[in-house]
Structure formats: structure tokens, C-alpha cells
Amino acid sequence: MKKQIFSYGAVGCILMASQTVMAASFVVRDIQVRGLQRVSQDTVINYLPARVGQPFDDSQAPEAIRSVFQSGLFEDVQLARNGDVLLVSVVERPAIGDINVKGNSKVKTEQIMQALKVSGLSKGDMLDRAALTRFERELEQQYLSIGYYGAKVSTQVQPLDRGNSRVRLNISIQEGNEARIRQVRIVGNRAFSEAELLKQFESGTRNSLIPSFLSSRDQYGKQKLVGDLDALTSFYRDRGYLNFEVVSSDVSLSDDKQSVFISISINEGDQYRIGSVDVAGRHGLNQQQLNESIKLQSGAVFSQKALEETRKNLAERLGEQGFAFARIQPVPQIDNVNKRVGITLQIDPGKRAYVRRINIRGNNRTRDEVYRREMRQLESSWFSRERVERSKVRLQRLPYVESVRINAEPVAGTPDQVDLNVVIAERSSNQFRIGAGYSQSQGLLLNLSLHQDNFMGTGKQMEIDLDNSSANKNFRISYTNPYYTPNGISRGFSLYYNKYDAAQEDISEYASDKAGGNVNYTVPLSETNSLYFSAGVEQRKVILGDSPADHIQEFVNTYGEKYTQFPVTAGFVYDTRDRTIFPTEGQRHRVSLQAAVPGSDLEFQKLSYEGAFYQAITDDVTFALKGRVASGWASGEMDGLPFFEKYYAGGIRSVRGFESSSLGPLDSNGSAKGGDFLMTATAEVQFPVPFAREIKGLKMSAFVDGGNVFEDYDSFKADELRYSAGIGVVWLSPIGPLEVSYAKPLNAKDGDKEQVVQFSIGASF
């Protein structure tokens, strides 16, 4: 007699299929499996705990069915008995033959496919409907995390053959619109206004003056809100509120799921001041080193930032002595009555460590030795945190390096040794760039550049540049070996051609063609000082226009139109800036002397100084002071510099508010003729744009410019200097740098050419 006992379906439930209960167990004489298409019978029997020749009764049925079902191969499993034969009926799960994803734009299809693979739902896998349901919910959660609260994910299973053995997954996504933050409220604040606290947030309502595509401030993200709450906590802790806490943070949605409202409740607590500051433990630092390192002062408002800076300074001091893993533990003594907190800095320097091995990782394109030669921390020497940080800076300045991490790892079983793991993320060293832009002084600018900063992984540089504008046409090819010698002396070669039309810049009626080449050397004197030498040969031809100025005509009449020169340049550079773009600390000074040596058709010398000083006022406000002084003179019978070597002033990169190259003495045609002596200076305060602080690469400045050019050094008069004041904006936009200034001359005189608004824009693509 055939009687069904149990079934196990895709819903995961064991069901009693008959109320008739088997009276006794039976010995299995045979096992038969029905419903198989792709799976072999042996596979099913392997999962089944029942065996031929062994007894079986209904109490064993649930476990038997569960074992077969959990193989993941079947949507339904049923057991039945026909005499002494155990019957197993199965419905196989179909295989996934194809996957189609549509409707997604914010989450890439590649990411979705990878998530399907992790879930066991890629092509060729058996279809697991429970896993598919979980995937749908997880994908919706991913959309929630980026602010798309109305996102819906649905999946249709479409058969690909008559037997339903293969199916296509059609995943349809309705992303909806991104929810935007409409309001952020802070409750419980007394010491600081809500507006001041919201300045610490990355989340918030967007300024209506900023286009939505330029700002992500009103885009809600859970992790971004967590970061904002951490920033709020740091803000209070840095101002003495030791017991500050975020009581709650509630996020609510509008009915249409398009607007996000954030409410944050805080408890400020009381403000504490610093009591005594003591240092304990064996540290070996003298009193001067301690005084320079400790940023906590008795009586001052407690600051978590100052405490962390103190710990960092002490760790760096100990690191300079070879203590790689020094521990500085602050032990607070809190006086709740007087609102004071005493701090004892417990120092445990550990053991002084040697660097056993330096491991370079991530250099897929570059030879190991290229990075090792930049290391100032050496193997088999005392560990020095200062040398490690300097090594990191030198590596980060390499143009083919994206980022650098240096980790000190203790050597197992040897407490006085460490290994340094230098993890480098490289960027492509092959650059092909086509550029376009516009300058008020030179008009349309075109640029073609082929630049190889890391030729064959050796760190050597090769460059080919083509520039074309209405005023300038340039061609230049150069090669530099930054380590011509093992101690870092670099050598380079360059060939160049330049065609310059002065009339296009409203200077004078002449054009100049020059071609030449040079060899140059840079000799490092220290980490911040270097010497530069260059020597070359140059040929120039001057082509006069219809009505050149008298001094140009006289020069050509006296010295001819063609000149062969042998220029030599020597320079000294001192550079301590923390970065080259938007520096906030440090200074750079460059002194150079250029001379046309004996044997040149025209013998002259040019001496110049350029300096810049940067000082951070706050975390995002920087004071900058820049200046340039240059003087030139001639040798032999020539009176002053050749007209094509003279200095010019005025314009967006000189004295703003005056037309480019318009200041100084005038020629017979009433145009600026340049001079042999130049002096310019700029004082400015750089800061984020007030209504667009979240836009990276955007800086604003308030400045005062001053300067002029003079006939020669003896003609210099301080009252002839021109001054201007204004505001400027620099944006490192996705299509290139954009600089705009609005400057008003402060002491313009008759004949000066004013230009209040000036700009320069460039693009590379």
C-alpha cells in the first residue's frame, strides 16, 4: 500500500500530508527518487540519511527531508512509502541562465552583479528564492544609505526553456528621487548658538545660491550624520565641556520621502578648566623639550584637541630617540566642585627600537630602488619618527605617487626591532594632455603635452610640450634624471622654440623668434635647500612691425636683428611649504642669477628674488605674503637690458587692477616699454568661500597688491609704486583652474590703464 508521509516545500515548513500514522517501522529494501532532471540519484541518496537494509519510521522523516532540502538543489522534497520501498519526490531548483538589471543609475551594474555573486545568485547558480528576497532588501538598504528612500527593487523570474530548468532574473529598480535635508535642529544648547554649531556639520540645508550639482551638503547619509555628531562632540570637548553628550538624534521623512528632517538633542554639561599638569614615568626628556611639547596650560579651558596634540608631540619626541611604540596615557583628576581637571601624563617609552627591514609594497610600475632612495629612515639604524615622516613627505611629492602609508610593525619575539611597511598607491605616470583656455592678455590658449614622469619605472622624466596662443607659440622637449648621482644630484636637458608677438599683448610692434637648448643640474644641500645650475645656447631673431617704438628701432639699428647667446643661470631655493597647492604653512625663497657669458652677441645679467610666506590663522584661514624683486643690467657698450628681456608689471599675476604689462615707463608710441628693475608684493588672507565651504578646491582671498617697473635700479622711487586692493577667487574646477579677481587701484595716476575685473581660465581634457 502506498502512503505519503511528509513533504518539505520551498517555504521551509515540514507538513503532515496524511493523518494516517504508520503502525510500525519497516526495513528499507530500495530507495527510488522521482522528478530528477539534472541532479543525479546518487547525489540525492548521498544527502539522505536513510540507507537500504536499515529500518525507517515516520520519526526519521523530518530529518531526512530537511537534509535533502538543505542541499540547496530543490524547491520541494516529499517522502512516501510503497511497501518496503522509500519514495523520494523532488522538484529541482532552476539554474540561473541570464540576469538583466534595469533602472539603476546611482548604483553601478557591476556592483549589483558582484552583490548577486556574493549572495550565490550569479549565472550558473541554482535559484534560491529566499536568497533572492534577501538580496532585494539589501539592495534597497544600500539605496537608503545614499538617501534614496523611495527606491524599490523587484525581481521577475522568467523561464528560458519548456522544462523550466533555466531562468532569467529580471531585476527592476525604481530609484525615485534623492531625499534632501530640509531642516536640522539642535535642542539643548545654551553656550553656543545653533548657527555656530551647524557650521561644524557636513550635513545641512543647501545654500540657495549654490547649484545642487556643486554641493552635497543637503544629501543625507547615515555615516555622514555619525561623522557630524563626532564633530559636534569634538567641538564641545575642545572647549572644556567634558561631560557633553548627544542625547538623541532623530531622522524623519516627509510623506513623499523626498525631505529629511533631523533633530538632535544634546546635554552640554559644565565647562571645565585645567588644573595641574604633571608628567610621570621614565621618559628621558629635558624640561625644555617637555615645555615645547605640552600644549596644556593650568587655568586655561580644557581642550581635547590640545591634549591630543600634546600626546602626539611627546610621542614624536620619543620617536626621534628611537622609541617607536611609546605610550602616553593621560590620567585625569576631576574636581566637580571647582570645575577643574588635573592631568597626569603617564609616559611609558618602551624599548628603543632598530629598523630591521623596510618593505616596499604597491610598486607595480616602479622599481624598488626608486622609492628606497627617497627614504630618510634606513635599515639597521635607530627608528626615528622624524625621519619616517620626512620619508613619507618625499615619497608623496613624487608625481607618480597617489598616496603613501608607512606602518611600523613590531618584530615578533624581538621587542627592540621593527619592520617598516611602506604602502604606496601609484598613479599613472603616462600623461597625454590636450588643453584649452583663455587669458585676457594672450587670448585663446591651446596646449598639447606628452609627459612621462616615471619612464620605464626608473623615476626619470620626459616631456614634450606644445603651446599656442595669439601671443606665444612654444615647443619644448626635456629629459631629467633626478638621481644622476646616488646622492640626489639631478641632471636634465631641454630643447625649445618660441615665437612671441608683443603686439598681441599691446606691448609694442615687434615679434621674436628664438630657439635653443640647455643642460641643467640641481644639487640638494639639505632637505629644504638646493642649488640650480643651467647652461645653454640660444639664437634669436627680431622682426619689426610697421611702427615699432623708437627704442626698439634704435636697438635693432645698433645690434642687428639676429643674436647668438650663451645663457648661464645659477639659483638657490629654500622650500618648507607643507604642500604646493594651497599651502597653509611654510615658506619658499628663490634667488637666481642669469647671465649672458662672454662670447654672446649681447652681454647682460639678471638677478631676481622670489619669496612666499604662509601662516595658518585657523584651520581654514591662511595668511600669505609674497614678493618679487628683479634687476638687470648690461655689460660693454649696451645701455640696459635688451628690450625683449625687460621686466613688465600689471595684471592678474602681478599688480591686479591694472592691465597686464601696462605699468612703468612708456615708449614713443605710448605703450609700456618695460624696465630693468621690478618690485612687486602681495599680502592676502585666503579662506573658504563663505556660502560654499563644502566645495573642495575653492578658495577666496582678500588682498593688497603693490609694485611697478622702473627704468633701472637708480630710477626707483617708492612713491611711484602702484597699489590695489580687492578680492579674488581660485577654483580648481574639473575642467581646469579658474582665477577671477576684482581689484580697485588705490593710487592710479594719469596714463595708467585700469582693469577692475580680471580672469584667467584653463582646461585640460
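The values are calculated or read from the model by the stated rules, or taken from the named source; none is laboratory data. Being a predicted model, the structure only gives us computed values, none of them experimental. With ideal geometry, Cβ positions are generated from the backbone for all residues, glycine too; neighbour counts draw on all protein chains shown.
Residue 65 meets each of the listed conditions (1) farther than 30 Å from residue 140 by Cβ; (2) part of a strand (DSSP E or B) apart from (2).
If the condition is being in a loop (DSSP other than H, G, I, E, B) and in contact (Cβ under 8 Å) with a residue 24 or more places away in the chain, then region 275-305 contributes 282, 283, 284, 285, 294, 296, 298, 299, 300, 302, 303.
Quick check on this structure: which one of 387, 356, 365 is in a helix (DSSP H, G or I) and either on the phi < 0 side of the Ramachandran plot or in contact (Cβ under 8 Å) with a residue 24 or more places away in the chain (or both)?
Numbers: 356 fails: in a helix (DSSP H, G or I); 365 fails: in a helix (DSSP H, G or I).
Being in a helix (DSSP H, G or I) and either on the phi < 0 side of the Ramachandran plot or in contact (Cβ under 8 Å) with a residue 24 or more places away in the chain (or both) holds for just one of 387, 356, 365, which is 387.
Residues of region 117-143 that are under 30 Å from residue 182 (Cβ atoms) and either surrounded by fewer than 16 Cβ atoms within 10 Å (Cβ to Cβ) or in contact with a strand residue (DSSP E or B) (Cβ under 6 Å, 6 or more places away or on another chain) (or both): 136, 137, 138, 139, 140, 141.
Residues of region 174-204 that are touching a helix residue (DSSP H, G or I) at 6+ places or on another chain (Cβ under 7 Å) and surrounded by fewer than 16 Cβ atoms within 10 Å (Cβ to Cβ): 202 alone. Out of the residues in region 534-583 that are at pLDDT 85 or above and among the hydroxyl-bearing types (Ser, Thr, Tyr), state the one that is nearest to residue 699 (Cα to Cα). Of everything passing the filter in region 534-583, 576 is nearest to residue 699 (Cα to Cα).
Cβ separations smaller than 8 Å between residues 6+ apart or across chains give the following pairs from region 458-485 residues that are more than 24 Å from residue 515 (Cβ to Cβ) and among the basic types (Lys, Arg) to residues that are crowded, with 18+ Cβ neighbours inside 10 Å and at pLDDT 80 or above: 460/480; 460/482.
When you go through 717, 646 one by one, which is the residue that is buried (at least 17 other Cβ atoms within 10 Å of the Cβ), over 34 Å from the mean Cα position of the chain (by Cα), farther than 19 Å from residue 743 by Cβ and not aromatic (Phe, Trp, Tyr)? Exactly one of 717, 646 is buried (at least 17 other Cβ atoms within 10 Å of the Cβ), over 34 Å from the mean Cα position of the chain (by Cα), farther than 19 Å from residue 743 by Cβ and not aromatic (Phe, Trp, Tyr), namely 646. Test residue 518 against the stated conditions and say whether it is of a type in the set (S, T, N, Q), crowded, with 17+ Cβ neighbours inside 10 Å, under 20 Å from residue 647 (Cα atoms) and in the same structural domain as residue 662 (by TED's automatic domain parsing). So residue 518 does not fit the description; no. Beta carbons closer than 9 Å, at least 6 apart along the sequence or on distinct chains, pair a first residue in region 218-229 that is of a type outside the set (Gly, Ala, Ser) with a second that is in a helix (DSSP H, G or I) and loosely packed, with under 14 Cβ neighbours inside 10 Å for 218/212; 222/145; 223/145. The set of residues in region 690-714 that are under 41 Å from the mean Cα position of the chain (by Cα), among the aromatic types (Phe, Trp, Tyr) and within 20 Å of residue 658 (Cβ to Cβ) contains only 703. Does any residue of region 211-222 turn out to be at positive phi, surrounded by 17 or more Cβ atoms within 10 Å (Cβ to Cβ), touching a strand residue (DSSP E or B) at 6+ places or on another chain (Cβ under 9 Å) and not aliphatic (A, V, I, L, M)? No, every residue in region 211-222 fails to be at positive phi, surrounded by 17 or more Cβ atoms within 10 Å (Cβ to Cβ), touching a strand residue (DSSP E or B) at 6+ places or on another chain (Cβ under 9 Å) and not aliphatic (A, V, I, L, M). State which residue is nearest to the chain's Cα centre (by Cα) when the search covers only region 407-428 and only residues that are at pLDDT 90 or above and surrounded by 17 or more Cβ atoms within 10 Å (Cβ to Cβ). Restricting to residues being at pLDDT 90 or above and surrounded by 17 or more Cβ atoms within 10 Å (Cβ to Cβ), the top hit is 422. For region 672-695, the set of residues classified as at pLDDT below 95, among the aliphatic types (A, V, I, L, M) and closer than 22 Å to residue 510 by Cβ consists of 672 only. Could you grab me the full set of residues in region 338-353 that are under 13 Å from residue 275 (Cα atoms) and part of a loop (DSSP other than H, G, I, E, B)? Hits for region 338-353 are 338, 339. Consider residue 346 carefully, then state whether it is over 28 Å from residue 458 (Cβ atoms), surrounded by 13 or more Cβ atoms within 10 Å (Cβ to Cβ) and in contact (Cβ under 8 Å) with a residue 40 or more places away in the chain. When the stated conditions are applied, residue 346 passes them. When each of 272, 236 is tested for being surrounded by 15 or more Cβ atoms within 10 Å (Cβ to Cβ), over 27 Å from residue 695 (Cα atoms) and in contact with a Phe, Trp or Tyr (Cβ under 8 Å, 6 or more places away or on another chain), the lone residue that passes is 272. Taking the numbered list (1) assigned to a strand (DSSP E or B); (2) surrounded by fewer than 17 Cβ atoms within 10 Å (Cβ to Cβ) in turn, residue 171 passes all entries but (2). Select from region 468-485 the residues that are touching an Asp or Glu at 6+ places or on another chain (Cβ under 6 Å) and at pLDDT 85 or above and write down the one among them that is surrounded by the fewest Cβ atoms within 10 Å (Cβ to Cβ). The residue in question is 476. Scanning region 658-667 for residues that are buried (at least 22 other Cβ atoms within 10 Å of the Cβ) and part of a strand (DSSP E or B) yields one hit, 658.
For region 74-98, a residue qualifies if it is among the aliphatic types (A, V, I, L, M), under 15 Å from residue 167 (Cβ atoms) and surrounded by 19 or more Cβ atoms within 10 Å (Cβ to Cβ), and exactly one does: 96.
Being modelled with pLDDT under 90, in contact with a strand residue (DSSP E or B) (Cβ under 9 Å, 6 or more places away or on another chain) and of a type outside the set (Lys, Arg) holds for only one residue in 379, 369, and it is 379. The set of residues in region 80-98 that are of a type in the set (D, E, K, R) and either closer than 30 Å to residue 113 by Cβ or within 60 Å of the chain's Cα centre (by Cα) (or both) comprises 92, 93, 98.
Of all residues in region 144-169, those that are in contact with a Phe, Trp or Tyr (Cβ under 7 Å, 6 or more places away or on another chain) and more than 18 Å from residue 115 (Cβ to Cβ) total 1.
Answer yes if at least one residue in region 147-157 is out of contact with any strand residue (DSSP E or B) (no Cβ under 6 Å at 6 or more places or on another chain), of a type outside the set (Gly, Ala, Ser) and either part of a helix (DSSP H, G or I) or in the same structural domain as residue 37 (by TED's automatic domain parsing) (or both), and no otherwise. Looking for residues that are out of contact with any strand residue (DSSP E or B) (no Cβ under 6 Å at 6 or more places or on another chain), of a type outside the set (Gly, Ala, Ser) and either part of a helix (DSSP H, G or I) or in the same structural domain as residue 37 (by TED's automatic domain parsing) (or both), one finds none in region 147-157, hence no. Could you please find all residues in region 364-384 being surrounded by 17 or more Cβ atoms within 10 Å (Cβ to Cβ) and within 24 Å of the chain's Cα centre (by Cα)? Passing the criteria: 366, 370, 371, 374, 375.
Suppose the filter is in contact (Cβ under 8 Å) with a residue 60 or more places away in the chain, of a type outside the set (Ser, Thr, Tyr), within 30 Å of residue 236 (Cα to Cα) and assigned to a strand (DSSP E or B); does residue 328 pass it?
Working: in contact (Cβ under 8 Å) with a residue 60 or more places away in the chain: no; of a type outside the set (Ser, Thr, Tyr): yes; within 30 Å of residue 236 (Cα to Cα): yes; assigned to a strand (DSSP E or B): yes.
Judged against the criteria, residue 328 is not a match.
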